[in-house]
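Heads up, the thing below is written out as structure tokens.
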Amino acid sequence: MTRRACAAVAIAAALLAVTAAGCASVTSQARSGLAPPPPPSLATTLETADGAWAVTELGGSAARHNNFWQLFQRPAGSTTWRLVTPPGVASNGGMVMAGLGGPSLIVGFRPSQLLKFTPLATTRDSGSTWSPGVLPADLANVPDALAAAPGGGRLAALLAGGRIDQARPGATTWTPLTSVHALAAAPASRRCSPDMVTAVSFSPSSDPVLGAACTRPGAVGIFSYAAGAWRMAGPVLPAFLASRQVQVLRLTNTMSGEAALLAARSGRSVELLVARTSDGTHWTLSRPLNLGAPAVRASGFAAAGSAWVLIDNGQAYTISGQSAAWRRLPRPPAATAALAFGPAASVEALAARGSTLTDWELTRGSRAWRQAQVLLVPVKYGSSG
Amino acid sequence: MPGMQSGIGVSNALIAEAFRSALWQQLIIVAVIFLVLWLARLIAVRSWPIKRAPKASRPAGKARTGRPAGKAQTGRPAGKAQTGRPAGKARTGGGAQTVTQPEPPGRRLLRIGFGILWIFDGILQAQSAMPIGLPAQVIEPSASSSPAWVRHLVNWGGTPWTYHPIQVAAAVVWIQIGIGLWLLFARQGPWARLGALASVGWGLVVWVFGEAFGGIFAPGLTWLFGAPGAVLFYCAAGILLALPEHAWGTPRLGRLMLAGLGVFFVGMAVLQAWPGRGFWQGTVHGHPGTLTSMIRSMSQTPQPHFLARIVAAFADFTAAHGFAVNLFTVIALAAIGAAFLSGQPRLARLGVGAALVLCLADWLLIEDLGFLGGLGTDPNSMIPMALLFVSGYLALTRVPAHQTAPAPEPAKAKAQSAAPQTAPRATGPRGRVADLLQSGSRSLATTSGRSLAAAGALAVVLVGVVPSAAASANPNADPIIARAIGGTSNVVNTPAPGFSLIDQRGSQVSLASLRGKVVLLTFLDPVCTSDCPLIGHEFAAAARQLAANAGQIQLAAVVLSPTYRSLAAVQAFDRQEGLSGLPNWLYMTGSLAQLQNIWRAYGMTAQDLPAGAMALHNDVAYVIDRAGYVRRVINTDPGPGTAASQSSFEVELTDAARQLLGSG
């Protein structure tokens, strides 16, 4: 073989190897642009006149179906939480709750593994006993996917595919109310152009109310349904937020009306606001809480309209029902999944780790969390495998 | 995309026993085939004695290094053929013809070497863990880091294995042993080339579906770990063996073989040297580098302790001196490649020596012999590669001398051929049969033993191919998978406890009202997240299989949840599993007291558990005959519920129903 041929062959071999290296290497191009923000966790608390409820995730790996969502209840005036998770259904997919007034609550078990519909459970005695029900669809993965009209009459459910169904008392038959596509096509939503419904609620007059993520800046996607039509019913944003896209993170009834937690985004920057109304028309907005890039990990409202948020970076903030300003709390203990408002203006942090729920209390004026209760939960690892 | 898991442990006793039994049966068939062939030939030879052709004369001098005949070599007596055998003794497959040249040593090395390798690989395939372990623990992981299209292809090809693990695993044993025997028996001629092509074909099948294209589309490709796939060398050998004999008659083939291998070695050197692939570092930020991790994982394979220690020690050495190990590898590969590319016999010899040492070291220290651990399928790439480059060197340097057969005398020309005396021809159909038998016998008598043995080897391959092809044509999985998971069903003959419940439509149904039909009865929790949806799916699939007998079969389930037993829950489950539209499906519920009585009567348990766990329950199906007697009790625990296990359970249910239908 001549020298030239040898060289040619060697070059060919080198090219072959380069090609093989190129085929075999795994490269990923960083995507330009922002990924849509993840929805807040299902972990949340709900305060009623008869006490407080908390949904948190306990157990182990979700990938191995060893995570189990639990429901806890703390009677009014008490400082002790108890486990009241409804029996009979695997809770690996998450739980969503809605108050029915008084000691009543309805819970939806988000489907997991091969279960494709949503078992429901209703209690009328603060979780001591439960009645089963069925929502023959997949509940959306947001904490406000289930809502009950004041007085516990009608129910509304936000489904995973963007449809909203409603049911009469008893929750035996569900019928479609609307969908995200129908809402987007409605004239009232032109200013918002929603691409996602994120929360469902009822107004004090028992009209269905939806929260959405607007694709057009400067609009708040809160819609109420009355007289057969949807109308945009959210607050007007101040001028300095006119260029931001707004997503409704939470939407709920309070003792004094409705309340919503809004996230106004611009690039990587997020401002959180609480909006409140007593008549469904006139809203008040809190001062914005500038988060920068981090996302809201969990959030909740109290009966009087106070709100709390847990941020991805471990920080926690509250805002009282009448105040316009956010208050930063001392950093909550590790593994805090949700906050709750306790008696005497105290705040509780519910830390969930493995099979243990630890209740930490921050009393008014204090700067340190105090362990108040440790609850061992009999998690049945492997039962869903 | 269904995985290649069947959900059964690799050492499942039922599967292992069935596999062993299948292999033994097929071994007997193989033995009978060879015995019949041997006896037939023995009888034929005695019936048709053959005049053997005279031995061919040898030319003066020999061409040891490919030089033209006539250039005498010192120190060797003239006339001795390179192969050490007197010339003319080799026979082709076509009869007692004279051979023009002995088999070239390079070719012989390839043929015998790869013949033995195929047989060894076939024997490895007979390990008891293969039916379940190979797709789940070898094939699927090897494809896991390849692109999705490769995984899809490998999955598609592996589905027959997971559906019919016994038949396909046994097939691979006999196909590989058969190909090996074929290469060993058929030395030259059309039979040999056919065997070589079979080796290429099967090698490609293994390379694509068994090795996921040798991992060339996955990251971490390295010569050290067998790139581009050991079986590709088998294919290369097969192509070389399929070449006409005259291609081996000059050094050109050897030069080409070494040149090709040279390109390969240089390419692998460049790949090994390529920055950013992790091979230059023994450790990275305190963690084992790419090569160190690979070697450590090999040392953890089940194997003799002393071997594991050696490999682990080398892993530690690599962790500490990764740069040096990689540098040595790159230089060695490049130097060997250059030596092969030079085409000079002396340099090639040096290259072969160095390559042999490198291959042996890699085979021991990195590939860890390749076949240990219970699921090893072959000794990896170093031995096949070594056979190729040694064969290439032999083809370059040792070309056999040409030999010619003596010109036959015209009068004896016909007598030279294997022409036994012909019996007088009979007439009519019987005569035609007799003629056929006669000519067949004559052919047998004149066919060489090697050709007949090669035909036997082909039959061995068919012993593997035919049952596997027949099984693979069945889209339903083998019911043995279901039995391996749930155990063998119990055969009983007891009256089925009666019940009266409400079905999914709100109508009253009693077991007595189903008399006259075969009833497949199970118990399902409508809000179960794992087993019950799978069982429901299997029942739906069985219903479709039994559609022709829909009027005589009733598939039924009773709610198995103390809490979620409403009609709404039952209907939601039916919609979820596609059972709503089945005409012969009943999903029944009732009051808690009614249900508890029925559960007790049928040995079922259902208990709500706290803290978000689903209800605890067992999984059983009852096959009830037309007279209302329970005839089989099937454990329907679906295990992980893979596509193969679901299909298998569906077949078990269907077979049970059909048996009762057939028995009236």
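Coordinate-derived values only; no laboratory data. Just so we're clear, the structure is a prediction, and the values are computed from it rather than from any experiment. Note that each Cβ is placed from the backbone with ideal geometry, even for glycine, and that neighbours are counted across all protein chains shown.
Filter the DSSP H helices in chain B by two things, a Kyte-Doolittle mean of at least 1.0 and an axial alpha-carbon span of 20 angstrom or more, and list the hits by number. Taking the DSSP H segments of chain B (at least 20 Å long, mean hydropathy at least 1.0), we get B:13-47, B:165-185, B:251-273, B:305-320, B:322-342, B:345-365, B:382-397, B:449-472. Partner shielding of B:561-574 amounts to 5, given as the average count of beta-carbon atoms from other chains within 10 Å of each residue beta-carbon. Per the Cα gyration tensor, chain A maps to an equivalent ellipsoid with semi-axes of 40, 27, 24 Å, ordered largest to smallest.
The long axis of helix A:3-24 is offset from the longest Cα principal axis of chain A by roughly 10 degrees. Compactness of segment B:253-400 is given as radius of gyration and Dmax, 16.5, 58 Å, from Cα positions.
Summarised as an ellipsoid, segment B:480-663 has semi-axes of 22, 19, 16 Å, derived from the eigenvalues of the Cα gyration tensor scaled by 5 and square-rooted, with the largest first. Scoring B:8-19, B:562-573 by mean Cβ neighbours within 10 Å over their residues and listing the highest first yields B:562-573, B:8-19. In whole percents, the pair-distance distribution calculated for chain B from its alpha-carbon pairs, binned every 20 Å from zero, is 15, 35, 29, 16, 4, 0. When Rg and the Kirkwood radius Rh are both evaluated on Cα atoms of segment A:26-149, their ratio Rg/Rh stands at 1.06.
Taking 1 over the mean of 1/r across every pair of different Cα atoms in segment A:277-352, what Kirkwood radius in Å do you get?
Computed over segment A:277-352, the radius equals 13.2 Å.
For the protein assembly as shown, the Kirkwood estimate of the hydrodynamic radius, built from every pair of different alpha carbons, is 35.1 Å. Divided by 2.2 N^0.38 Å, where N counts the residues, the Cα radius of gyration of segment B:574-664 comes to 1.26.
Which peptide among A:334-347, B:179-192 comes first, and what is the full order, when sorted by highest mean count of other Cβ atoms within 10 Å?
B:179-192, A:334-347
For segment A:126-280, the relative contact order works out to 16 percent when only alpha carbon pairs closer than 8 Å and six or more residues apart are counted. Per residue of peptide A:132-142, the mean number of Cβ atoms on other chains within 10 Å of the residue Cβ is 3. Working note: Cα atoms of segment A:151-236, range along each principal axis, descending, whole Å: 40, 27, 19.
Quick one: length gained pulling A:A295 to A:L376 fully straight, 0.36 nm per residue minus the C-alpha distance?
Using 0.36 nm per residue and subtracting the Cα-Cα distance, I get 26.2 nm.
Peptide B:333-343 has a mean of 2 when you count, residue by residue, the C-beta atoms of other protein chains within 10 Å of its C-beta. Cysteines in chain B lacking any other cysteine Cβ under 4.7 Å from their own Cβ: B:C235, B:C359.
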